[in-house]
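Colleague: I have a structure here, written as structure tokens, and I will follow up with some questions on it.
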Amino acid sequence: MTKASTPPLLTASVLTAMTIWLAACGGSGDDTSAPTSAVPTRAEGAYLTAAQGDSAAVGLTLVNAAGQGFVLLSDDGDAAATVMHISNKTEARRAPAGAAFVTPSYSRSEPLTLTPLSGPALAGDYQLLLDGKPAALSVAADGRITAAAASTCKLSGQVDLASSYGGAKAVTLNLQNCGTLAAGSYAGVLYAAASTAPARWQAVVENGKSVIDLLAY
């Protein structure tokens, strides 16, 4: 797992309310890679999830109308350590890949309301911290992500504004010169909720080997 300024996948208050119940291949929930995990079926929406059967135990499940989406799991309620790309309701690809096929079960799953995201709402300039390296980027109204010219750590990519995984959006990022983080393409999901404030959004992305959980201010 790689933490980017240790963003909380779930806030302490949410964890308390939950009674501490135990949060570059493919790009979005329609990942067609060979499944390495089987996850419980969920209807379209966003859910706070407590899972058993995986090394990471608590986080979010984000599902679209076709049953595709993401499971984001954390070891400790802090930054996400595992991303599961759901390709067909239950079939999923786990990142980072484990040595064995993983079949988690949900000990608890509760609906979560995410903040609606649109091009105009996302458009703007943002500051982030990745592996101790400050980064600046802008998001255009069409979802295009561009690194600031003065930023040494470069992030670019695209938010898929047409996608909706319980209100979250698929995102692809390209990293260059961001400390010890591997350069190249990452894929995952971007969302906003009351728990991400004061950050304007949170993104969890992976490159097949590493998971990056970041907050944008």
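Values in this text are rule-based calculations from the coordinates and carry no lab data. Since the model is a prediction, treat every value here as computed from it, not as a measurement. All Cβ positions, even for glycine, are placed from backbone atoms using ideal geometry, and neighbour counts span all protein chains on display.
Colleague: Apply 1/(1 + (r/R0)^6) to the Cβ-Cβ distance of ALA141 and PHE101, taking R0 = 41 Å, and write down the FRET efficiency to the nearest 0.05.
Modeller: The pair ALA141/PHE101 has a calculated efficiency of 0.50.
Colleague: For the range 119-216, what's the relative contact order in percent, using C-alpha pairs closer than 8 Å and at least 6 residues apart?
Modeller: Across the range 119-216, relative contact order equals 19 percent.
Colleague: Could you give the C-alpha radius of gyration of the range 119-216 expressed as a fraction of 2.2 N^0.38 Å, taking N as the number of residues it contains?
Modeller: Ratio of Cα Rg to 2.2 N^0.38 Å: 0.98.
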